[in-house]
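The values are calculated or read from the model by the stated rules, or taken from the named source; none is laboratory data. Please read all numbers here as calculations on a predicted model, not as lab measurements. Cβ placement follows ideal geometry from the backbone for every residue including glycine, while neighbour counts extend to all protein chains displayed.
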């Protein structure tokens, strides 16, 4: 995924949760796992560990049906820490 834009919500939560944009880019370009959105077929969930941040797993939810790809939200998925 080369190009993406952040929704206003995604920008807000990235700032509030201290999510480094380099981490987001890494998860989007080289995800360890991609899931489809439940009830929203246009949404995808990209997940990947961030070793330098205690192996926490950001979940980046994005709409890949638009160009450029639109990031809807991002958060650290506590259920997947050390399990991905």
Candidates 74, 57, filtered to the one that is closer than 15 Å to residue 6 by Cα, in contact with a helix residue (DSSP H, G or I) (Cβ under 8 Å, 6 or more places away or on another chain) and touching a residue at least 12 places away in the same chain (Cβ under 8 Å):
74
In this structure, does residue 68 turn out to be over 9 Å from the mean Cα position of the chain (by Cα), within 18 Å of residue 21 (Cα to Cα), touching a residue at least 60 places away in the same chain (Cβ under 8 Å) and surrounded by fewer than 18 Cβ atoms within 10 Å (Cβ to Cβ)?
yes
Out of (1) in contact with a strand residue (DSSP E or B) (Cβ under 9 Å, 6 or more places away or on another chain); (2) assigned to a loop (DSSP other than H, G, I, E, B), what's the single condition that is false for residue 39?
(1)
Taking the stated definitions as given, is residue 81 modelled with pLDDT under 95, buried (at least 17 other Cβ atoms within 10 Å of the Cβ) and over 11 Å from the mean Cα position of the chain (by Cα)?
no
